[in-house]
Amino acid sequence: MEIKYINSCDIQIIEQHGYKSLPIYYKKSDLEIIINNNNFISYKIINNEVIMGFIICEIYSNKKIHIMSLAILPEYRRLSLGTNLIDFIKNKYKDYFITLNVQQSNTNAINFYKKNNFTILSEIKNYYHNLESKDAFHMIYLIK
């Protein structure tokens, strides 16, 4: 298993994985902008050249990284791949604090992030405009 940068050849697959795995996902045009912008980092987790999941983050100048999207295909869940991606970010950006937003109704994701030492910092009302469940939790992982 390897973690590598997402490149332009991966965009269509990443879009499909997002569609299969997430309620909101990045389209091809968004992904093209993200992988060509130094304010974002995006990695895929692969095994034998098969992309099993990905993480997309935005980097801020104040030593903050915001996880914008984390997806593992359903058939590869419960194999610690999501944890591997988060640990990769934690290790690569040791001096940063990491945040993310998650739907309040997504108890599986909330429990996953809590298991990975994220804490709920605040509640954001009406964060997800295009979803039935609109409220989010803002979560943070503080440097240990």
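The values are calculated or read from the model by the stated rules, or taken from the named source; none is laboratory data. Note that the coordinates shown come from a computational prediction; the quantities given were computed from them, not determined experimentally. As a convention, Cβ positions derive from the backbone with ideal geometry for all residues, glycine included, and neighbour counts pool all protein chains shown. Areas reflect the complete protein model, heavy atoms only, side chains present, ligands, DNA and RNA absent. Shrake-Rupley method; radii C 1.70, N 1.55, O 1.52, S 1.80 Å.
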**Asked** Do any GluC sites (Glu not before Pro) in segment 1-50 lie in a loop, going by DSSP, with at most 15 other beta-carbon atoms within 10 Å of their beta carbon, and if so which?
**Response** 49
**Request:** Output ³J(HN,Hα) for segment 81-88: one whole-Hz value per residue in order, computed from phi by the Karplus curve 6.51 cos²θ - 1.76 cosθ + 1.60 with θ = phi - 60°, and x for Gly and Pro.
**Result:** 5, x, 4, 4, 5, 5, 4, 4
**Message:** Taking the Cα centre as origin and putting +1 on Lys and Arg beta-carbons and -1 on Asp and Glu beta-carbons, what dipole magnitude results for the chain, to the nearest 20 debye?
**Reply:** 420 debye
**Message:** Solvent-accessible area of residue 115, probe 1.4 Å, all protein chains present, reported in Å² to the nearest ten, please.
**Reply:** 140 Å²
**Request:** Show the residues, 5+ positions off or on another chain, whose built amide H is closer than 5 Å to the amide H of residue 124.
**Result:** 136, 137, 138
**Prompt:** Mind listing the phi-derived Karplus ³J(HN,Hα) values for segment 95-110, rounded to whole Hz, using 6.51, -1.76 and 1.60 with θ = phi - 60°, and x for any glycine or proline?
**Reply:** 8, 9, 9, 10, 10, 6, 10, 9, 4, 4, 7, 8, 5, 4, 5, 4
**Request:** Run the numbers on the chain and let me know its relative contact order in percent, using alpha-carbon pairs under 8 Å that are six or more apart.
**Result:** 17 percent
**Request:** Percent of Cα-Cα pairs per 10 Å bin, from 0 to the last occupied bin, for segment 1-126, please list those.
**Result:** 12, 46, 37, 5, 0
**Asked** FRET efficiency for residue 79 and residue 20, Cβ-Cβ distance as r, R0 = 22 Å, nearest 0.05?
**Response** 0.85
**Prompt:** Summing -39500 (n - 2.57) over the DSSP H runs of n ≥ 4 in the chain and dividing by its residue number, what mean residue ellipticity at 222 nm do you reach, to the nearest 500 deg cm²/dmol?
**Reply:** -8000 deg cm²/dmol
**Complete:** With the dipole of segment 58-144 defined by +1 on each Lys or Arg Cβ and -1 on each Asp or Glu Cβ, the option from 104, 118, 93 whose Cα lies farthest towards the positive pole is 93
**Request:** In whole Hz, with x marking every Gly and Pro, tabulate ³J(HN,Hα) for segment 43-59 from phi via Karplus 6.51 cos²θ - 1.76 cosθ + 1.60, θ = phi - 60°.
**Result:** 10, 10, 10, 10, 9, 6, 6, 9, 7, 9, x, 7, 9, 10, 10, 10, 9
**Message:** Amide H of residue 6 versus every other amide H placed in the peptide plane: which residues, excluding those fewer than 5 positions away on the same chain, fall under 5 Å?
**Reply:** 42, 43, 44
